[in-house]
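Structure, as structure tokens:
Here, each number is a calculation from the coordinates, and none is a lab measurement. Nothing here was measured: the structure is a model prediction, and the numbers come from that model. Glycine gets a Cβ as well: all are built from the backbone with ideal geometry, and neighbour counts include every protein chain shown.
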Ligand code: MG
């Protein structure tokens, strides 16, 4: 590419504030866990630790580090406990605030042994996905999560509950809004501190987002305790994020560089890229605290480690300048 080709690339959008939107949001970075879990490549532990550190240095306030799952289930995260130990050695006590996924009580046990303060459980809004992913029925999953959530809360931990397949399920198709609200309410009733509503296969559209968030509001669940987790399979993740922002959501999941294909959809495009979200929020004048240039540098570096280009439009637009100051 000739050098002048990058000269017209803007490094930040113009800011035009929309006063009807929240002033500030929290970006919950899922790249090291949800992203790497769904990439083909196995990433060395030192690279994962450097990735988490670089994300924190780019200003991301919450970085989900890994999943304390049995190594046989997710080979990409088989080094989870060693990674947490490395992060504790590198970052000190701050590493204890990095959320980790715990699939069950055994995972929580390990999190407690490591002195971690923030865990997440992974539930399903549908019967089929609960059976495939958890080997439990939709109702049975609550019995499985109950002791984990209760024990974590007793120990003073924050507990996020993911609700997957909120907008559609590859086996069941349409997922009724009322069913998602019921699952979410039951997870709240177990003691979850936050719900992350996941569009796991990326089939949601903006009106559906508004309807689902409206139904949670009707059910009396405060929007402050809801997060949204969008996938860009059909290019709708940012439109859906905008719809959620208009509903007052202030926690957005995103994955640096759009890491993580979707194992349940025929697409290489997975999680909403953090850079794309940051560009949107910056343009809207919504504070997020992330240094976009540093984040892009990190994603360009990680794309090199994985041996594949980032699917993020913003990383592609700015990536040519990454690694150089400014
Ligand atoms: Mg995801």
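Quick look at the numbers
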read-out	value
Exposure proxy order (Cβ contacts within 10 Å, fewest to most) of 234, 162	234, 162
Difference of contour (0.36 nm per residue) and Cα-Cα distance, residue 305 to residue 291	2.9 nm
FRET efficiency for residue 139 and residue 109, using Cβ-Cβ distance with R0 set to 25 Å, rounded to 0.05	0.50
Computed FRET value (nearest 0.05) for residue 45 with residue 215, which takes r as the C-beta separation and R₀ as 41 Å	0.45
DSSP beta bridge pairing in the chain, given as percent antiparallel to the nearest 5	10 percent
Sum of -39500 (n - 2.57) over DSSP H runs of 4+, divided by residues of the chain (222 nm, nearest 500)	-11500 deg cm²/dmol
Highest-first arrangement of 71-83, 98-110, where packing means the average Cβ count within 10 Å	98-110, 71-83
Distance between segment 107-146 and segment 26-77 - C-alpha centres, whole angstrom	19 Å
Ranked list, fewest to most other Cβ atoms within 10 Å of each Cβ, for 230, 122	122, 230
Whether segment 26-318 is rounded, prolate or oblate, judged on the alpha carbon gyration tensor where a/c under 1.5 counts as rounded	rounded
Length-normalised contact order of the chain in % [C-alpha pairs under 8 Å, at least 6 apart]	21 percent
